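In what follows, a structure is listed as structure tokens, so that the remarks can point back to it.
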């Protein structure tokens, strides 16, 4: 079975960030490429999770599954009194 295709990219980053990546790579006994790849995967996964949450929220609005502002204010006031 062959390795997945790879592409090299380059980016200019602040020296402090480069040092942080290098230190983390040493700490985890991983390559800097692995650290950067994991960071990008994590960021992209979080972005997709947020996007899906927004879509779910919009679907709730479209379906009428909403709470009025006045109901939320009343709820918040009851919490303050509790």
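Just a few scattered comments:
- Take the Cα radius of gyration of the chain and divide it by 2.2 N^0.38 Å, N being the number of residues; the result is 1.90.
- For the chain, the longest principal axis of the C-alpha atoms and the axis of helix 15-28 are separated by about 80°.
- Computed across the stretch 41-82, the Kirkwood hydrodynamic radius from all distinct Cα-Cα pairs reaches 12.6 Å.
- Residue order, fewest to most surrounding Cβ atoms within 10 angstrom, among 26, 9, 36: 9, 26, 36
- What the Cβ-Cβ distance of residue 25 and residue 48 gives, at R0 = 25 Å and to the nearest 0.05, is a FRET efficiency of 0.45.
- Acute angle (nearest 10 degrees) that the helix 32-62 long axis makes with the longest principal axis of the chain, alpha-carbon atoms: 20
No value in this document is a laboratory result; all are computed from the given coordinates. Computed from a predicted structure; not experimentally measured. Reconstructed Cβ throughout: ideal geometry from the backbone, glycine too, with neighbour counts over all protein chains shown.
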